[in-house]
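**Q** Below you'll find the structure I mean.
The values are calculated or read from the model by the stated rules, or taken from the named source; none is laboratory data. Since we're looking at a predicted model, the values are computed, not measured. Every residue, glycine among them, receives a Cβ derived from its backbone with ideal geometry; neighbour counts consider all protein chains shown.
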Amino acid sequence: MKAVILCGGLGTRLREETEFRPKPMVPIGERPILWHIMKLFSHAGVQDFVLCLGYRGNSIKEYFLNYEAMNNDFTICLGTQQAIRFENAHKEQDFRVTLADTGPATMTGGRIRRVRKYVPDETFLVTYGDGLANVPIQRLIEFHKSHGKTATITVVRPTSRFGLVDLGARSQVRSFTEKPQADTWINAGFMVFEPAIFDLLEGDSTVLEREPLETLSKAGELMAYQHDGFFQAMDTYREFQLLNEMWESGNAPWKIWD
């Protein structure tokens, strides 16, 4: 099964880090967040990736073109018979990565539509290039196969940005809860689609999260995999700092690989 990763957005709310690179290349530790997402899929046996490039997509191409040299020791022979011998093997030996230009301003649904030729007539995964989680990918796939519908999205309960205050008479605080978990669910990405999804993706302006998913919902063809574990999007500089603090402290819940 292939994993399609949406890597083309502008990342305007993280302008401190995305002025000169796309958000999927913003580092968590010494690796781009995109690498962390791919390692999560790889842990579940999914090692065939299609990256939907847009804003500053060439930097993602350069990262993978130089991957062997930057992640291995190597010996290089200079001169007219130049040759390179890599001395060791990184742990991403079996990754297959398709890098597809999907346009600088294309919407999420349009980006998926543009890579249809790379996922022909097969079930495939889709997620965003800026969100980390410890979603059990194999269980997600099994859940999708069990219900037989067109699409599955992974949903999580978000944590409130603010403390919750319950007031009584005369403005007396009856209870205070610091950043509680909400009762509602939100889409965290980590989606599974059948090829029928392409019938709902009409052009570059199609926003996946609007008409396509709304149409599937009304038709009873959209299911939700409820994830009670870790999820954190990297939309702001504070969230960038938070994820890096987790990684540097050795307490990164999304790191489920060896």
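**Q** What number of residues in the range 193-238 are without any contact (Cβ under 8 Å) to a residue 40 or more places away in the chain and in contact with a strand residue (DSSP E or B) (Cβ under 6 Å, 6 or more places away or on another chain)?
**A** Going through the range 193-238 one residue at a time, the tally reaches 0.
**Q** Sticking with this one: Does Arg31 satisfy the condition of being of a type in the set (Lys, Arg) and on the phi > 0 side of the Ramachandran plot?
**A** So Arg31 fails the test.
**Q** Something else: Which ones in the range 228-253 are within 19 Å of Leu10 (Cα to Cα) and either hydroxyl-bearing (Ser, Thr, Tyr) or in a loop (DSSP other than H, G, I, E, B) (or both)?
**A** Residues satisfying the conditions are Met234, Asp235, Thr236, Tyr237.
**Q** If you scan the range 1-21, which residues turn out to be touching a residue at least 40 places away in the same chain (Cβ under 8 Å) and over 15 Å from Arg111 (Cα atoms)?
**A** If the condition is that a residue be touching a residue at least 40 places away in the same chain (Cβ under 8 Å) and over 15 Å from Arg111 (Cα atoms), then Met1, Lys2, Gly11, Arg13, Leu14, Glu16, Glu17 are the ones that fit.
**Q** Still on this structure: Consider the range 117-138. How many of its residues are loosely packed, with under 14 Cβ neighbours inside 10 Å and in contact (Cβ under 8 Å) with a residue 40 or more places away in the chain?
**A** Going through the range 117-138 one residue at a time, the tally reaches 4.
Each row is one residue, and each column tells you yes or no for (1) polar (S, T, N, Q); (2) at pLDDT 95 or above; (3) assigned to a helix (DSSP H, G or I).
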| residue | (1), (2), (3) |
| --- | --- |
| Thr127 | yes, yes, no |
| Leu132 | no, yes, no |
| Gln138 | yes, yes, yes |
| Ile141 | no, yes, yes |
| Ser146 | yes, yes, yes |
| Lys149 | no, yes, no |
| Ile153 | no, yes, no |
| Phe162 | no, no, no |
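Per-residue answers, yes or no, for (1) modelled with pLDDT of 95 or more; (2) over 23 Å from Thr154 (Cα atoms); (3) touching a strand residue (DSSP E or B) at 6+ places or on another chain (Cβ under 6 Å); (4) of a type in the set (Lys, Arg):
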residue	(1), (2), (3), (4)
Arg13	no, yes, no, yes
Glu19	no, yes, no, no
His36	yes, no, yes, no
Ser59	yes, yes, no, no
Phe64	yes, yes, yes, no
Val97	yes, yes, yes, no
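**Q** Sort out which residues of the range 225-238 are among the charged types (D, E, K, R) and touching a helix residue (DSSP H, G or I) at 6+ places or on another chain (Cβ under 8 Å), and write them in order of number.
**A** Across the range 225-238, the qualifying residue is only Asp235.
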